[in-house]
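Shown next, in structure tokens, is the structure this report addresses.
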Amino acid sequence: IRPLDLYWIWYARAMAWRTAATLLRSVPLLLFAALFLPLIGAHDLALSLPPHLGAFAYWMMSMLFALLLSCAITTLIHITMMWTVSGQGAGTIIPVAVTIFSGMIIPLPLFPDWMQLFLRLLPFHALFDTPARIFSGNITGIETIAVLFQQLGWTIAALLLGRLVIKQGLRRLVVQGG
């Protein structure tokens, strides 16, 4: 493993895992919502595309940033195992926090006003809420550019934090039996 960078190996595995799982779940659902529902007359439930090609491009960029950030967070979870006997703690708590604070269960705009700043300060909204709101047209214009830069900023911060933490972990790592 010496010539390879452990962080990027774990990051690449997270990317493959996240990409495959997302595509296998989302593509059938999107096709169903966009093509099948209108055929059976459920136009009000059907998925409508972004209003213009630029909005679609911003959504695609937002999805890419969400994927990169998600992989960085997943890699951080894996790195915590260098200091723990079992990865169950971080592997259970962080996904629950991500699910709640990303807007996957309750859309973030429906949270109380006093929580909005807290939710915007966390990186989790960049994983689901931001791409969903760009796709739906809820975020438009210059605000789109701002949230894309915020997503990119969280991604860079998570990558740098992961690199720093794994560097510290590898410095103290002791391999038994090798």
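The values are calculated or read from the model by the stated rules, or taken from the named source; none is laboratory data. Values in this document were obtained by computation on a predicted structure and should not be read as measured data. Heads up: the accessible areas ignore ligands, DNA and RNA and are worked out on the full protein's heavy atoms, side chains in. Shrake-Rupley method; radii C 1.70, N 1.55, O 1.52, S 1.80 Å.
Can you give the calculated 222 nm mean residue ellipticity of the chain, where each DSSP H run of n ≥ 4 adds -39,500 (n - 2.57) and the sum is split over every residue, rounded to the nearest 500 deg cm²/dmol? It would help to have the intermediate numbers written out before the result.
On the way: 6 runs with 116 residues, N = 178.
Taking each H run of at least 4 residues, the total per residue is -22500 deg cm²/dmol.
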Full extension from MET104 to ALA57: what is 0.36 nm times the residue separation minus their Cα-Cα distance, to one decimal in nm?
14.7 nm
How large is log10 I(q)/I(0) at q = 0.10, 0.17 Å⁻¹ when the Debye formula is applied to the Cα atoms of segment 16-130, each weighted equally and without solvent?
-0.41, -1.04
At 1.4 Å probe size, what's the solvent-accessible area of LEU49? Round to the nearest 10 Å².
130
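Using a 1.4 Å probe and counting only protein heavy atoms, arrange ILE145, ILE139 so the residue with the most accessible area comes first.
On the way: ILE145 55, ILE139 10 Å².
In descending accessible area the options line up as ILE145, ILE139.
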Looking at the chain, do any whole DSSP H helices span at least 18 angstrom along their long axis by alpha carbon and average -1.0 or above on Kyte-Doolittle, and which?
6-31, 53-80, 88-101, 142-172
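Output the relative contact order of segment 67-178, whole-number percent, from Cα pairs under 8 angstrom with separation of 6+ residues. Could you put the intermediate results ahead of the total?
Details: 69 pairs, mean separation 40.7, N = 112.
Taking the mean separation of contacting Cα pairs over the length of segment 67-178, I get 36 percent.
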With a 1.4 Å probe and every protein chain left in place, tell me how much accessible area VAL147 has, in Å² to the nearest 10.
20
Which residue, ILE134, ILE105, ILE79, has the most motion in a Gaussian network model of the chain that connects Cα atoms within less than 10 Å?
ILE105
Quick one: grab Rg to one decimal and Dmax as a whole number for segment 1-83, Cα atoms only, in Å.
17.9, 59
Any chance you could run the full-extension gain for ALA21 through GLN88? It's 0.36 nm times the residue separation minus the Cα-Cα distance, nm to one decimal.
22.1 nm
Name the residues whose placed amide hydrogens come within less than 5 Å of the amide hydrogen of THR140, ignoring near sequence neighbours (fewer than 5 apart) on the same chain.
none
